[in-house]
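A.B. asks: Right, I'll just put the structure down here and ask away after.
The values are calculated or read from the model by the stated rules, or taken from the named source; none is laboratory data. Note that this is a predicted model, so its numbers are computed, not measured. All Cβ positions, glycine included, derive from the backbone under ideal geometry; neighbour counts span all protein chains shown. The area values use the complete protein model at the heavy-atom level, side chains included, leaving out ligands, DNA and RNA. Shrake-Rupley method; radii C 1.70, N 1.55, O 1.52, S 1.80 Å.
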Amino acid sequence: MYDKDDPWNFKANNKDFFQNLYSKLDDPWNFQTCEYEKEKYKQTLDLVCSFRPKTVLEIGCSIGLFTQQLASVVEHVHAIDISLIALEKAKRQCQGLNNIDFIDTDLNDLILPIEFDLIVASEVFYYFDLTEESWQRTVNVLDNLLSRNGRIVCIVHEHHDNEVWDTYFPKFSTINLEKVYRNFSTGKPYTISVFKRELKMI
């Protein structure tokens, strides 16, 4: 049974888990004060700037700190999260910025009539169903949302890896690994993997 008094109890479905977590903690992962998060944001934003995207999809925007930074360097950001409480906090964080759309949705339910130059997923795929069938569905969604020359940036902590994407992107789409960046400067290593659509010559 789901224990609503324990914000880190992950026995219920994701939406219940995150709603409870954000209702009890203003900043569950200490995004605002943690040096690890600050360094990760900086390196990721530098990468984003180097790609010069116009449209960005941020998966799992949380309280909106990185959303705010993204909005300062691109034309438009679509930021999604499955927690309405997190989205309300993100809207307050990004108050005054008119180039952000916040959407309450699970990635696998996301349908938009646009394509993105860049999709960012920072430490969110840990919470997804790990079956191959589920990954295929997720890859198909991302494939449909990514523009012709688009990129996907996946960030994971040292205890996880992006090998699943190395396997499933080329298996279910034309998206392949382009480059991997590893950072050890914070004493809490993380990896940024960049995936890009590989267009086949006709």
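A.B. asks: Output the 0 to 90 degree angle, nearest 10, between the alpha-carbon long axis of helix 35-51 and the longest principal axis computed from the alpha carbons of the chain.
C.D. replies: It is inclined by approximately 30 degrees.
A.B. asks: Where the accessible area of the chain is counted over protein heavy atoms with a 1.4 Å probe, how much of it, in %, is carbon and sulfur?
C.D. replies: 48 percent
A.B. asks: Suppose accessible area is computed on protein heavy atoms with a 1.4 Å probe; arrange 168, 126 from highest to lowest.
C.D. replies: Putting 168, 126 in descending order of accessible area: 126, 168.
A.B. asks: Something else now. If the elastic network links every pair of Cα atoms under 10 Å, which of 135, 165, 29 fluctuates the most in the Gaussian network model of the chain?
C.D. replies: Checking each option, the largest mean-square fluctuation is seen for 29.
A.B. asks: Further question on the same structure: Where does each of 137, 92, 151 land when they are ordered by accessible area, with a 1.4 Å probe and the largest first?
C.D. replies: 92, 137, 151
A.B. asks: Take the chain, connect every pair of alpha-carbon atoms lying under 10 Å apart with a spring to form a Gaussian network, then pick out the residue of 167, 67, 55 with the largest mean-square fluctuation.
C.D. replies: Of the options given, 167 has the highest mean-square fluctuation.
A.B. asks: Let me ask something additional. Read through the labelled values (1) 65, 42, 23; (2) 57, 39, 38; (3) 59, 40, 30 and report the label of the one computed as Cα extents along the principal axes in Å from the structure.
C.D. replies: (2)
A.B. asks: Follow-up question, since we're still on this one. In µm²/s, what is D for region 83-189 at 4 °C and 1.567 mPa s, where D = kT/(6 pi eta Rh) by Stokes-Einstein and Rh is the Kirkwood radius from Cα pairs?
C.D. replies: Using the Kirkwood radius from Cα pairs, D works out to 83 µm²/s.
A.B. asks: To continue, here is another question. Compute the acute angle (0 to 90°) between the alpha-carbon long axis of helix 84-93 and the principal axis of greatest extent of the alpha-carbon atoms of the chain; round to the nearest 10°.
C.D. replies: Once rounded, the angle reads 80 degrees.
A.B. asks: Please compute the net charge surrounding residue 91, taking Lys and Arg as +1 and Asp and Glu as -1 over other residues with Cβ under 14 Å from its Cβ.
C.D. replies: Once positives and negatives cancel, what remains is -3.
A.B. asks: For residue 34, what accessible area in Å² do you get when you roll a 1.4 Å probe over the heavy atoms of the protein chains, rounding to the nearest 10?
C.D. replies: Counting only protein heavy atoms, residue 34 exposes about 30 Å² to solvent.
A.B. asks: Sort 38, 89 by accessible area with a 1.4 Å probe, largest first.
C.D. replies: 38, 89
A.B. asks: So, one more: GNM on the chain, C-alpha springs below 10 Å: top fluctuator among 84, 65, 25?
C.D. replies: The residue with the greatest mean-square fluctuation here is 25.
A.B. asks: Which one of 49, 155, 20 is farthest out on the positive end of the charge dipole of region 1-156, using unit charges on Cβ (Lys, Arg +1; Asp, Glu -1) and the Cα centre as origin?
C.D. replies: It is 49, whose Cα lies furthest towards the positive end.
A.B. asks: To the nearest 20 Debye, how big is the dipole of the chain about its Cα centre, given +1 on the beta carbon of each Lys and Arg and -1 on that of each Asp and Glu?
C.D. replies: Around 620 debye, computed over the chain.
A.B. asks: With a 1.4 Å probe and all protein chains kept in place, how much accessible area does residue 143 have, in Å² rounded to the nearest 10?
C.D. replies: 40 Å²
A.B. asks: Okay, moving on. Pull out the extension gain between residue 27 and residue 112, defined as 0.36 nm times the separation in residues minus the alpha carbon to alpha carbon distance; nm, one decimal.
C.D. replies: 27.7 nm
A.B. asks: With a probe of 1.4 Å, find how much accessible area region 84-165 has per residue, and write the answer as a whole number in Å².
C.D. replies: I get 52 Å² per residue for this part.
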